[in-house]
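Take a look at the structure below.
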Amino acid sequence: QVQLVESGGGAAQPGESLRLSCAVSGALINRGILVWYRQSPGKEREFVARFNDDFTSLPPLIYDSSVEGRFTISRDTGKNTAYLQMNHLKPEDTAVYYCSLNKGGQNYWGQGTQVTVSS
């Protein structure tokens, strides 16, 4: 059973930072495609960042333009955990953040963690 658990969300003021974690069990994070998404009420889930271990023609770390230069994705293979470091937060970053592991032709999702950025 593949399980993903996000944590680290919370409230932050604009300009502050948060680090999200995605603990994965039942699969190795570096043997699948680990992707961070976010979703706000009334909006579709949108791509945030992902690792690229499969396509050598693309950068090893891929970000949506809305977070490029502010967010950094990383992972600790020993802990089988991925991270999303979010710096210079903006109110528009407010969303539920999800991690997803694409493995064996199947997508696995966590429950999400809420990030709220407001003054």
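Right, residue 74: among the hydroxyl-bearing types (Ser, Thr, Tyr) and touching a residue at least 60 places away in the same chain (Cβ under 8 Å) or not? Step through it out loud before you land on a result.
On the way: among the hydroxyl-bearing types (Ser, Thr, Tyr): yes; touching a residue at least 60 places away in the same chain (Cβ under 8 Å): no.
So residue 74 does not fit the description; no.
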What's the number of the condition residue 27 fails, among (1) open to solvent by less than 30 Å² (accessible area, probe 1.4 Å); (2) under 11 Å from the mean Cα position of the chain (by Cα); (3) hydrophobic (A, V, I, L, M, F, W, C)?
-> (2)
If we keep only residues of region 45-71 that are modelled with pLDDT of 95 or more and part of a loop (DSSP other than H, G, I, E, B), then the residue nearest to residue 112 (Cα to Cα) is 45
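Checking the conditions here, which among 98, 37 is open to solvent by 10 Å² or more (accessible area, probe 1.4 Å), part of a strand (DSSP E or B), at pLDDT 95 or above and more than 14 Å from residue 8 (Cβ to Cβ)? Lay out the reasoning, then the answer.
Working: 98 fails: more than 14 Å from residue 8 (Cβ to Cβ).
Within the list 98, 37, the selection yields 37.
The values are calculated or read from the model by the stated rules, or taken from the named source; none is laboratory data. All values derive from a computational prediction rather than experimental measurement. In this analysis, Cβ positions are derived from the backbone assuming ideal geometry, glycine residues included, and neighbour counts consider all displayed protein chains. The accessibility values were calculated without ligands, DNA or RNA, using every heavy atom of the protein model including side chains. Shrake-Rupley method; radii C 1.70, N 1.55, O 1.52, S 1.80 Å.
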